[in-house]
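Single-structure report; data block below.
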Amino acid sequence: MKKTIEVPQEELQANLDVAARLHAELQGRGLRYYIESYGCQMNDHDAEKLSGMLQACGYLPASSKEEADLLIFNTCCVREHAEKRVFGNIGALKKRKDAEPGLIIGVCGCMMQQREVAARLYKRFPFVDLVFGTHELHHFPQLLSRALEGERVISVRESDGEIAEGLPVVRNGSFSTFVTIMYGCDNFCTYCIVPYVRGRERSRAPENILAEVRRVAEQGFREVTLLGQNVNSYAYADADVDFPELLRRTNAVDGVERIRFMTSHPKDLSPRLIEAMATLPKVCNHIHLPVQSGSNRILAAMNRRYTREKYLDLVQQIRGAVKDVEITTDIIVGFPGETEEDFLDTLSLVREAGFAAAYTFMYSPRPGTRAAAMENQIAEEVKKQRLLRLNAASTEQLQKGNSKYIGQCGTVLVEGCDQRAGEVTAFGKLPNFKMVYFPGGAELIGTMREVRITGTMNNSLIGDLIK
Ligand code: SAH
Ligand code: SF4
Ligand code: F3S
């Protein structure tokens, strides 16, 4: 088992000391920051750490981009269009920077961990002050301090993967939050850039994870989502703790009422995990289990290391063991060499598996990945048509699945409310991730409520408040 390397305490302390110095210098100036974060929950959580460090440096949160003295773009590069959007949004800031030379612009995140892309952005936009990769997050106070002194900073470091424990965090929301259990990925699915920009897989020490869970529970968070690119391969060298055991220990923390986790790779999903889901009361009956394709030929070319049959068997085992479970998935269409027949296999898998939601994507070639160099790239138009057909099949399937809810009762954790057709409507999720809309106002946010399901609407359910 691999050893986890933690960033030395002195190195972290040196950065926190810089933050404290900046705090003393900047305090009282009312400087504000705004972070625009793209991509997945990993990035969202990194943005929460950036917020923590920025506040330690004496900055206050801005309520809009316009109000900010410091703007940070936390980028994603999992698909090409994510990249294009960032270049577009940063380019549009030139005028503002001309008018407000004191404005600091920073760009970080996965896209900046690609050396050539970081260099290209740095060159193309001379008004960008600060560029740094994912492995530099914990050095942010030092990098910011240099930028504030007028230096243009670019810092992209290769790393075998360390873990920086103890960074300050300012969490978004007040009742549901993320706790990272592992970083990076070693799976090298042939289409995916994540292993290149997030580094090698490494797990946090269980005592650090549990201390964080206890801390957020004390702060009043009722729902915790344990995060990792492949939580099923969680393993910590110095303790005999695997993912199901970690769930068991998290389940024992007072104050936490719901435990979610993502993402699960089907190749590593064990009977012990299914048992943990079935028996631990706080662990929600939902699993996000990306299948990516229904064709064995394509799954092999993707290096997913399971077959369609193995996947469907897992689905059956989960359904057999976990009451009212819902399964969600990710699917890619148009992977190099995907024939109509392969695609039909994906459609038939969607019909067999009965997903509650499928997040569907057109394959996007990513530089440096094996699939980008494969022959038989699929034409954009074919990908588009397949995506439309897949979405139609998946919607049909999930609507069929929705009808079983009518008349049932369940508990939602209320997430928010909005105005719908003149009525104030609250919304929140059942433990199994189904979203329910029901009449109710802002006073319900953050509470657990009983609802009865009366109807369905696209992906979601409609209900009445019982209590
Ligand atoms: N670690 C997670 C997912 C990470 S990326 C997992 O293994 O499932 C989230 C999703 O983006 C993936 O599940 C995949 O469906 C999609 N994705 C990743 N790379 C892609 C690419 N090059 N083109 C299109 N979709 C991609
Ligand atoms: Fe990417 Fe595969 Fe790792 Fe998920 S498991 S992050 S899809 S390489
Ligand atoms: Fe996530 Fe995008 Fe990075 S999906 S890990 S933010 S490339």
Of all residues in segment 358-385, count the ones that are closer than 21 Å to N303 by Cβ and of a type in the set (D, E, K, R).
4
Against the condition outside the structural domain of A357 (by TED's automatic domain parsing), at pLDDT 95 or above and within 16 Å of G228 (Cβ to Cβ), how does T279 come out, does it pass?
no
Taking segment 121-152 on its own, how many of its residues are open to solvent by less than 10 Å² (accessible area, probe 1.4 Å) and closer than 11 Å to V107 by Cβ?
6
Inside segment 408-424, the number of residues satisfying the requirement of being open to solvent by less than 50 Å² (accessible area, probe 1.4 Å) and within 21 Å of A356 (Cβ to Cβ) is 6
Mind checking which pairs have a first residue in segment 403-415 that is over 9 Å from I453 (Cβ atoms) and at pLDDT below 95 and a second that is in a strand (DSSP E or B) and open to solvent by 50 Å² or more (accessible area, probe 1.4 Å), Cβ under 7 Å, 6 or more apart or different chains?
S403/T456
Of the criteria (1) away from ligand 1 (no atom under 11 Å from the Cβ); (2) closer than 30 Å to M374 by Cα, which one I318 fails:
(2)
If only one of R272, R305 is open to solvent by 10 Å² or more (accessible area, probe 1.4 Å), modelled with pLDDT of 95 or more, closer than 24 Å to M182 by Cα and within 16 Å of ligand 2 (Cβ to nearest atom), which one is it?
R305
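Just name the residue that is surrounded by the fewest Cβ atoms within 10 Å (Cβ to Cβ) out of those in segment 364-388 that are in a loop (DSSP other than H, G, I, E, B), out of contact with any His (no Cβ under 8 Å at 6 or more places or on another chain) and of a type in the set (S, T, N, Q).
Going through the qualifying residues, I end up with N376.
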For segment 432-442, which residues satisfy the criterion of being over 22 Å from A393 (Cα atoms), open to solvent by 20 Å² or more (accessible area, probe 1.4 Å) and under 28 Å from the mean Cα position of the chain (by Cα)?
Y437, A442
Here are some residues: I72, I35. Which one is open to solvent by less than 20 Å² (accessible area, probe 1.4 Å), under 17 Å from L137 (Cβ atoms) and within 16 Å of ligand 3 (Cβ to nearest atom)?
I72
Taking segment 344-356 and keeping only residues that are open to solvent by 20 Å² or more (accessible area, probe 1.4 Å) and not in a helix (DSSP H, G or I), one is left with G354
Residue within segment 24-32 that is surrounded by 21 or more Cβ atoms within 10 Å (Cβ to Cβ) and hydrophobic (A, V, I, L, M, F, W, C) present:
no
Tally up the residues in segment 177-204 that are β-branched (V, I, T) and closer than 14 Å to T134 by Cβ, please.
4
Of the residues Y183, Y122, only one is within 29 Å of N89 (Cα to Cα) and within 16 Å of ligand 1 (Cβ to nearest atom); which?
Y183
Scan (1) within 16 Å of ligand 3 (Cβ to nearest atom); (2) open to solvent by less than 40 Å² (accessible area, probe 1.4 Å) for the single condition M262 breaks and write down its number.
(2)
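The values are calculated or read from the model by the stated rules, or taken from the named source; none is laboratory data. This is a predicted model, so every value here is computed, not measured. FYI the Cβ positions are ideal-geometry reconstructions off the backbone, even for glycines, and counts take in every protein chain you see. Only protein heavy atoms, including side chains, enter the accessible area calculation; ligands, DNA and RNA are left aside. Shrake-Rupley method; radii C 1.70, N 1.55, O 1.52, S 1.80 Å.
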